[in-house]
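The values are calculated or read from the model by the stated rules, or taken from the named source; none is laboratory data. Everything numeric in this text was worked out from a predicted model, so none of it was measured. When we count neighbours, we look across all protein chains shown, and the Cβ atoms used for this are built from the backbone with ideal geometry, even at glycine. All accessible areas refer to the heavy atoms of the entire protein, side chains included, with ligands and DNA or RNA removed. Shrake-Rupley method; radii C 1.70, N 1.55, O 1.52, S 1.80 Å.
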Amino acid sequence: MKILVIDPSPHFLRAMCNFINALPRCECIAATSLDEALEQPAVQEVNLALINYSLHNAGAKSAAHRINLQVPTAMVLLLTEDGADYYDSCLAAEAHGCLAINSLRSDLPQLVAGLAQELEKECA
């Protein structure tokens, strides 16, 4: 499973990629900006995109909208401080939902496992 992470912090990206790459059958694709992400050929194969909430407005179109256009099969989630407080604005930004950054360690493996099961069903 390919997981795209877009965040302006190189330190956060490095930590996320180390964490994601340690998950079974997962590969991290990292970018510090939406434009950088969209320039990478591997973005076409992404199953999950995790985008820093601060990047949700990228010009006239939201970052989630642009990823959805490029990779319509990918699940797009915005990374926020508190998922519950930002949920409605994430949906308004055309994301599928949001994840709280402070709960990524526990929530991301479960999300990836569930998404992997869905993908396996689609391929069967």
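Please work out the average accessible area per residue across the chain, using the 1.4 Å probe convention, and give it in Å².
Accessible surface, normalised per residue, equals 54 Å².
Can you list the GluC sites (Glu not before Pro) in region 39-124 that are in a DSSP coil and have 11 or fewer other beta carbons within 10 angstrom?
Counting only loop positions with at most 11 other Cβ atoms within 10 Å, the GluC sites (Glu not before Pro) in region 39-124 are GLU81.
Quick one, which of (1) 91; (2) 116; (3) 100 is the actual volume of the Cα convex hull per residue in Å³ calculated for this model?
Of the listed options (1) 91; (2) 116; (3) 100, (3) comes from this structure.
Around ILE29, with a cut-off of 9 angstrom between Cβ atoms, what is the net charge of the other residues, counting Lys and Arg +1 and Asp and Glu -1?
-1
For region 16-124, which trypsin sites (Lys or Arg not before Pro) are both in a DSSP coil and crowded by at most 12 other Cβ atoms within 10 Å?
Taking region 16-124 and a limit of 12 other Cβ atoms within 10 Å, the loop trypsin sites (Lys or Arg not before Pro) found are ARG25.
For region 101-116 and region 1-31, compute the distance between their C-alpha centroids and round to whole Å.
13 Å
Rounded to the nearest 500 deg cm²/dmol, what is the calculated helix-only ellipticity per residue at 222 nm for the chain, with -39500 (n - 2.57) per DSSP H run of length n ≥ 4?
Working: 5 runs with 56 residues, N = 124.
Mean residue ellipticity at 222 nm (helix-derived): -13500 deg cm²/dmol.
Return the distance in nm (one decimal) between the two label points of a simple spin-label model at GLU120 and SER54, each offset 7 Å from Cα along Cα→Cβ.
About 3.8 nm separates the two model spin labels.
Mind grabbing the accessible area of ASP88 for me, 1.4 Å probe, Å², rounded to tens?
Counting only protein heavy atoms, ASP88 exposes about 120 Å² to solvent.
Under the rule that a partner needs its Cβ under 4.7 Å from the first Cβ, which Cys of the chain have none?
CYS26, CYS123
Ignoring ligands, DNA and RNA, please state the percent of accessible area on the chain from carbon and sulfur, probe 1.4 Å.
Carbon plus sulfur share of accessible area: 52 percent.
Pick from LEU34, LEU69, LEU50: which is most flexible by mean-square fluctuation in a GNM of the chain where alpha carbon atoms under 10 Å apart are linked?
Checking each option, the largest mean-square fluctuation is seen for LEU69.
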